[in-house]
Each structure stands twice: as C-alpha cells, then as structure tokens.
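First the structure, in the form of structure tokens, and then the observations on it.
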Amino acid sequence: LLLETLCSLTLEAEVGDGVTIWCQRDPTISGSLIFWYKQLKDSVPHLIGCKQPSPLQKCYFFTETERIVTSVHEKNTSLTITAVNVSDTGLYYCSYMELDVMIFSTSTSLQVKVTHTSVSSAGIFILTLVCVIVILLTVLILILKHRKASRTGAESGHNK
C-alpha cells in the first residue's frame, strides 16, 4: 500500500551511478533524529540511515557506510548512494519526530538498471585489425594464384 500511495518521484539510474534522494524537513524542529528507510514491494521498511541535525550529535545505534551517506541541510535532508547496484532498487523515504508524532516524507522510487555495455574501443580495434589482416591475406593469395597461373600459361606457351 505504501508503495502505491506515497510515491511522488521516480529516479532511474544505471549500475555504478551515484544517486542523491532528497527529503524536505521542518527546519524549526531541532534535535529530532532523521531516519531514512528503504522498502521493497510486499515487505516492511528497513532502516538504512539515521542522522542528527546537529553535527555534534550522532545516531549511536546506527553506523553509516561509505557507500550510503546521509546529510542534513537547513530545509531538507539527503541520502546519497555513491555507486548503485540493482539490489538498491526500491522505495526510499525519510521520517522525523515532531513532538510525539513521527512525520513521514513522500517517497522516491529508485529503479536501477543494468546497462548493456557496448563493445569496447579495444574490442573494436582488435576486430578491425583481424578483418584487415584477413582481407590482406586474401588479396595476397589471389595475387600469388594469378602469378602462378600466368607463369604456368607462359611456360606451356614456350614449350609448344
């Protein structure tokens, strides 16, 4: 239900891309923890990030990784995934406490696609080189056959 009703933005990325997802927050509420969640279809949300608005405060129960980084700004917060994988596909949203109420943001659906890499330039070079060599060898063989046929015809003409 959450996947269908709160999704306000869809991001598409390719494997290896860096992605930043934004979430608005009320700047008048200070000291409130900001939580980031990822949810897959037909599953419960998983906590993937936690941040305090103050740089001096930390979420002691949550360790941030280098690949997934949360940041707090004046009017919003962000979740950055430095190099996305297909497994990062899902629904992302943040929440924070206002008095005794948990406020949830609208969500962002992240779709990570595998790119079909084209043939590399080194592969194209090797393929071109092989084709040129095959063509040159074919031309060389045809020239040699033509010379041999000319010599054989000339020798048979002298022997008569």
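Only one of these is over 15 Å from residue 35 (Cα atoms), over 24 Å from the mean Cα position of the chain (by Cα) and not in a strand (DSSP E or B): 74, 66. Name it.
Working: 66 fails: over 24 Å from the mean Cα position of the chain (by Cα).
None of the other options fit; the residue is 74.
Residues to consider are 15, 84; find the one that is farther than 14 Å from residue 109 by Cα and of a type outside the set (Lys, Arg). If you could, list the steps in order and put the result at the bottom.
On the way: 84 fails: farther than 14 Å from residue 109 by Cα.
So the residue among 15, 84 that is farther than 14 Å from residue 109 by Cα and of a type outside the set (Lys, Arg) is 15.
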(request) For residue 36, indicate whether it is within 22 Å of the chain's Cα centre (by Cα), in contact (Cβ under 8 Å) with a residue 24 or more places away in the chain and within 13 Å of residue 97 (Cα to Cα). (result) yes
(message) Take the residues in the stretch 83-109 that are of a type in the set (A, V, I, L, M) and either at pLDDT 90 or above or farther than 25 Å from residue 29 by Cα (or both); name whichever of them is surrounded by the fewest Cβ atoms within 10 Å (Cβ to Cβ).
(response) 86
(message) Can you tell me which of (1) in contact with a helix residue (DSSP H, G or I) (Cβ under 7 Å, 6 or more places away or on another chain); (2) part of a strand (DSSP E or B) is the one residue 41 doesn't meet?
(response) (2)
(message) So for the stretch 123-138 (the condition being outside any helix (DSSP H, G or I), exposed (fewer than 14 other Cβ atoms within 10 Å of the Cβ) and either at pLDDT 85 or above or in contact with a His (Cβ under 7 Å, 6 or more places away or on another chain) (or both)), does at least one residue qualify?
(response) no
(request) Filter the stretch 34-68 down to the residues that are modelled with pLDDT of 85 or more and polar (S, T, N, Q), then identify the one that is nearest to residue 22 (Cα to Cα). (result) 39
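The values are calculated or read from the model by the stated rules, or taken from the named source; none is laboratory data. In this text the structure is predicted, and so the values were computed from the model without any measurement. Note that we place each Cβ from the backbone using ideal geometry, even for glycine, and neighbour counts take in every protein chain shown.
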